[in-house]
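K.L.:
Would you mind keeping the following structure in view while I ask a few things?
The values are calculated or read from the model by the stated rules, or taken from the named source; none is laboratory data. These figures come from a predicted structure and were not determined experimentally. Accessible surface areas use protein heavy atoms only, side chains included; no ligands, DNA or RNA. Shrake-Rupley method; radii C 1.70, N 1.55, O 1.52, S 1.80 Å.
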Amino acid sequence: MGKKSRRRSKPATKGEDASASGVRSFTGYVPDTSGFGPPAPPAAVAAFWTWFQEHELALRHPDLWSSPDGTMQVMERVCKELVKVHDGLSCEIGRSLERYHVVITANGNTDRFNAVISLIQAAPTNLAHWRLTAFRPRSPYLETLSFPGGGWRSSPLSSGAYPPEKMSFMLTEDKRVDKLGVLLFMEGFEGKFDDLPRAEQEFFGQAAFLYLDSILGEYNVIMHLSGNIHILSAKEGGIKIKRVKNGLGFVGYTMDPLENLARKFDERLSKKIGPKPEEGWAALGGYTLEVLGQASTPVTP
């Protein structure tokens, strides 16, 4: 079958019963994150935000944001403090016209999920120049992602870049109330994913999860796809297969380009947990927990 993700998940707590149409109201859906690790220790959380408030002026010094090396220094400083809160937490940074951005990520690990949420929930609101976000949000653009690694075989992929045009997908059903499955078809290898050398598994696996996080958002990948992500060779596309276990009900592959993934994911999931995309899906499908500093002023170039 290919690669099955090791990201663990628990089903949502059921609220109101699904309607006759199978659509569950938004208010009836209660995500269950009880199995996603403990919250961050309150003392460590308080220490992190105290440090951040004391150093936020230095972190947005113009000299640091004038070059990629300086921006990397800012990210490294913040990440160094984050691991004191919970091992494995990381961050991404950036800036817009009005604010500097910090995204705190669990790096797809469910055991860090509640640590990220508790950390952002405790963030101070007097950081006028900052936007603080839990989990990698969706990207509005589908661009080629680059990442460390690669180097397998004699291939242009050895640069650590994998174009989205080399991937396609098929969404599958899951019997659990808030879960879907996804098959990812990737060019560049033949046979079963699990039979590939370790370096190639790491390359294709990293590319797959980076695109999922970028297109759907880290929260959605953890909450709604965990345990149901499979990586297959693109050459397997179109082959009819039998019904498989774990509620994946399909009889053949109908592959779509990645550019359609966000729309089809939203439509399919909304039928299970609501609301429909046009009725405020950003509150669910594009989930991010954010704290915006008050009285924000434009960022100094």
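K.L.:
Under the definition of Cα pairs under 8 Å and six or more residues apart, what whole-number percent is the relative contact order of the stretch 48-96?
P.N.:
Working: 23 pairs, mean separation 14.3, N = 49.
This gives 29 percent for the stretch 48-96.
K.L.:
Arrange the residues Lys80, Lys272 by how much accessible surface each exposes, largest first, with a 1.4 angstrom probe. Display every interim value, and only then the final one.
P.N.:
Numbers: Lys80 135, Lys272 35 Å².
Ranked from most to least accessible, the order is Lys80, Lys272.
K.L.:
Sticking with this structure for a sec: When ligands, DNA and RNA are left out and all protein chains stay put, how many square angstrom of accessible area per residue does the stretch 28-104 have with a 1.4 Å probe? Spell out each step's value before the answer.
P.N.:
Numbers: 3960 Å² over 77 residues.
Per-residue accessible area for the stretch 28-104 comes out at 51 Å².
K.L.:
Given a 1.4 angstrom probe, I'd like the percentage of the accessible area of the stretch 81-220 that is carbon and sulfur, rounded to a whole number. Walk me through the numbers before you get to the answer.
P.N.:
Values: 2760 of 5770 Å².
Accessible surface attributable to carbon and sulfur in the stretch 81-220 totals 48 percent.
K.L.:
What are the extents of the Cα atoms of the stretch 182-240 along their three principal axes, listed from largest to smallest and rounded to whole Å?
P.N.:
31, 29, 17
K.L.:
Compute the length gained on full extension between Ala58 and Met255: take 0.36 nm times their separation in residues and subtract their Cα-Cα distance, giving the result in nm to one decimal. Numbers along the way, then the final one.
P.N.:
Details: separation 197, 0.36 × 197 = 70.92 nm, distance 4.86 nm.
In short, 66.1 nm is gained.
K.L.:
Using only the heavy atoms of the protein chains and a 1.4 Å probe, how would Thr125, Thr105 rank by accessible area, largest first?
P.N.:
Values: Thr125 75, Thr105 0 Å².
Result of the area sort, largest leading: Thr125, Thr105.
K.L.:
If you don't mind, another one. Which percent of the Cα-Cα distances in the stretch 98-141 go past 14 Å?
P.N.:
The calculated P(r) of the stretch 98-141 puts 53 percent of pairs beyond 14 Å.
K.L.:
Can you list residues whose amide H is under 5 Å from Arg99's amide H, if they're 5+ apart or on another chain and H is modeled 1.01 Å from N?
P.N.:
Result for Arg99 returns Val299.
K.L.:
Relative to the present Cα-Cα distance, how much length would full extension add between Asn126 and Glu267 at 0.36 nm per residue of separation?
P.N.:
Values: separation 141, 0.36 × 141 = 50.76 nm, distance 3.74 nm.
Result: 47.0 nm gained on full extension.
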